[in-house]
1. Looking at Asp149, Asp51, Asp120, can you tell me which residue is over 14 Å from Gly33 (Cβ atoms), among the acidic types (Asp, Glu) and at pLDDT 95 or above?
2. Of the residues Arg68, Arg54, Arg26, Arg118, which single one is free of Cβ contacts under 8 Å to residues at least 24 places away in the same chain and basic (Lys, Arg)?
3. Those residues that are surrounded by fewer than 13 Cβ atoms within 10 Å (Cβ to Cβ) and under 19 Å from Tyr99 (Cβ atoms), I need them from segment 9-44; list them, please.
4. How many of the residues making up segment 90-126 are crowded, with 21+ Cβ neighbours inside 10 Å and outside any helix (DSSP H, G or I)?
5. Given the criteria loosely packed, with under 14 Cβ neighbours inside 10 Å and β-branched (Val, Ile, Thr), does Thr64 qualify?
6. Quickly run through segment 82-98 and pick out the residues that are at pLDDT 95 or above and closer than 29 Å to Arg11 by Cβ.
Amino acid sequence: MVTLSVNGVPRTIPIEPRVSLLDALRDRLDLTGTKKGCNQGACGACTVWVDKRRVLACLTLAITCEMREITTIEGLAVGGEPHPMQTAFVELDAFQCGYCTPGQIMSAVAFLAEGHPRDDSGIGEWMSGNLCRCAAYPNIRAAIRRVRDASLDGSGDATG
């Protein structure tokens, strides 16, 4: 048995030591927002936060996350309201098939909070671990810029 704190809620589940965080979230906890893309750490579709740091859930053993805070796309909204990044992705059509979108959003929010260069080249570099097979990159960058600009002018909170 392992107890995972997911989106602020402790959940105890029976798992074997080899179960990935991705499989624990999707198969044991029915949190299917986090996607299984390549299952090899190359696409970023499974990006979640562990203690507010980006991790690839497919490469992380669930057992190593005990006593740590896990945040998934389902936990990003506050008080039933979507996070500003979620809203920007919808309003700016920053997705096509939508499969990579949860990982893109989780990485984008973390990217802004991490304090990396926020120009287009910085966005490209620090988001490079999240692939979009539909090539919606211009709109993804536009969504990130919108949230970035709102946080800089004080009209929004980039970190949730």
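The values are calculated or read from the model by the stated rules, or taken from the named source; none is laboratory data. What you see is a predicted model; the values in this text were computed from it and never measured. So basically every Cβ, Gly included, is an ideal-geometry build from the backbone, and we count neighbours across all protein chains shown.
1. Details: Asp149 fails: at pLDDT 95 or above; Asp120 fails: at pLDDT 95 or above.
Answer to the selection: Asp51.
2. On the way: Arg68 fails: free of Cβ contacts under 8 Å to residues at least 24 places away in the same chain; Arg54 fails: free of Cβ contacts under 8 Å to residues at least 24 places away in the same chain; Arg118 fails: free of Cβ contacts under 8 Å to residues at least 24 places away in the same chain.
So the residue among Arg68, Arg54, Arg26, Arg118 that is free of Cβ contacts under 8 Å to residues at least 24 places away in the same chain and basic (Lys, Arg) is Arg26.
3. Filtering segment 9-44 for residues surrounded by fewer than 13 Cβ atoms within 10 Å (Cβ to Cβ) gives 9-10, 12, 14, 16-18, 30, 40.
Asp30, Gln40 - these are the residues of segment 9-44 that are surrounded by fewer than 13 Cβ atoms within 10 Å (Cβ to Cβ) and under 19 Å from Tyr99 (Cβ atoms).
4. 2
5. Numbers: loosely packed, with under 14 Cβ neighbours inside 10 Å: yes; β-branched (Val, Ile, Thr): yes.
Spelling it out, Thr64 is indeed loosely packed, with under 14 Cβ neighbours inside 10 Å and β-branched (Val, Ile, Thr).
6. Pro82, His83, Pro84, Met85, Gln86, Thr87, Phe89, Val90
Results for (1) touching a Ser or Thr at 6+ places or on another chain (Cβ under 9 Å); (2) within 21 Å of Val9 (Cβ to Cβ), shown as yes or no for each residue.
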position: Thr34; (1), (2): yes, yes
position: Gly41; (1), (2): no, no
position: Trp49; (1), (2): yes, yes
position: Arg53; (1), (2): no, yes
position: Ala77; (1), (2): no, yes
